[in-house]
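I have placed the structure first, in the form of structure tokens, so that the comments after it can refer back to it.
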Amino acid sequence: MLELSILGFLAEAPLHGYELKERIRALSGHVRPVSDGALYPAITRLLKAGKLDEHAEPGAGAAPRRILSLTGEGREDLLERLRHPKQVEITDQVRFNTVLAFLRHLPDPREQADVLRRRLEFLTAPTSFFYADGEPVRAEQADDLFRQGMLRVARATGEAERAWLTEAIAKLDRPD
């Protein structure tokens, strides 16, 4: 997820590390904060792999700023990650939002729709936070007010996301 975020944001514009960190933080929020101890080693890996380029520019203080940009190889890696997200990037809401944030960089609407179909397929499978006798517990069956609340909010969110996915897929599938 971190490398996808780095590649995605740098596909939009060259950035220095702090700007990149702030954009990733805004995308993932408090749920999955990004630390310097994770970000800078990921940047180093991508630089060594030839997916990023860097150059120095004068900084506001005495130290120059490292400006990062995406290479052609980095753009290809981004597109491949978007074409074929890992299953956890489909099933985990925060990770899927990261894919969704950059899916516009994938130039083929059919490939975009394929990713959305995977998410829709996942969301149509019966599931719950709680189970009784191997079956998902519905909000109306929950044994306390707080679990009922969790399940009602999850159901409403799921319904809204499924509706949007269905609309988006139909739009992407329409021939121009």
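The values are calculated or read from the model by the stated rules, or taken from the named source; none is laboratory data. A quick note: this is a predicted structure, and the numbers were derived from the prediction, not measured. Note: ideal-geometry Cβ built from the backbone for every residue, glycine included; neighbour counts use all protein chains shown. Remember, those area values only see protein heavy atoms, side chains included, never the ligands or the DNA or RNA. Shrake-Rupley method; radii C 1.70, N 1.55, O 1.52, S 1.80 Å.
Limited to segment 127-154, what total is found for residues that are basic (Lys, Arg) and on the phi > 0 side of the Ramachandran plot?
Taking segment 127-154 first, the residues basic (Lys, Arg) are 138, 147, 152.
Next, only the ones that are on the phi > 0 side of the Ramachandran plot stay: none.
Residues that pass the stated criteria total 0.
Scanning segment 117-156 for residues that are closer than 18 Å to Glu89 by Cα and out of contact with any strand residue (DSSP E or B) (no Cβ under 8 Å at 6 or more places or on another chain) returns Arg117, Arg118, Arg119, Leu120, Glu121, Phe122, Leu123, Thr124, Ala125. Cβ-Cβ contacts under 8 Å between residues 6 or more apart (or on different chains), taken from a first residue in segment 93-105 that is on the phi < 0 side of the Ramachandran plot to a second residue that is open to solvent by 30 Å² or more (accessible area, probe 1.4 Å) and among the hydrophobic types (A, V, I, L, M, F, W, C), are listed as Val94/Met1; Val94/Val31; Arg95/Met1; Arg95/Val88; Asn97/Leu27; Thr98/Met1; Thr98/Leu27; Ala101/Leu27.
Please find, among Ala154, Ala168, the residue that is assigned to a helix (DSSP H, G or I), touching a helix residue (DSSP H, G or I) at 6+ places or on another chain (Cβ under 7 Å) and open to solvent by less than 50 Å² (accessible area, probe 1.4 Å). Explain how you work it out, then say what you get.
On the way: Ala154 fails: touching a helix residue (DSSP H, G or I) at 6+ places or on another chain (Cβ under 7 Å).
Exactly one residue qualifies, and that residue is Ala168.
Within segment 41-60, the set of residues being loosely packed, with under 12 Cβ neighbours inside 10 Å and charged (D, E, K, R) comprises Lys48, Glu57.
Per the listing Asp53, Asp77, the residue uniquely more than 13 Å from the chain's Cα centre (by Cα) and assigned to a helix (DSSP H, G or I) is Asp77.
Conditions tested, residue by residue: (1) open to solvent by less than 60 Å² (accessible area, probe 1.4 Å); (2) assigned to a helix (DSSP H, G or I); (3) closer than 24 Å to Pro64 by Cβ; (4) modelled with pLDDT of 90 or more.
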| position | (1), (2), (3), (4) |
| --- | --- |
| Leu4 | yes, yes, no, yes |
| Gly8 | yes, yes, no, yes |
| Arg23 | no, yes, yes, yes |
| Leu39 | yes, yes, yes, no |
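Residues in segment 61-87 that are at pLDDT below 95 and exposed (fewer than 14 other Cβ atoms within 10 Å of the Cβ): Gly61, Ala62, Ala63, Pro64. Ile90 meets each of the listed conditions (1) open to solvent by 30 Å² or more (accessible area, probe 1.4 Å); (2) part of a helix (DSSP H, G or I) apart from (1).
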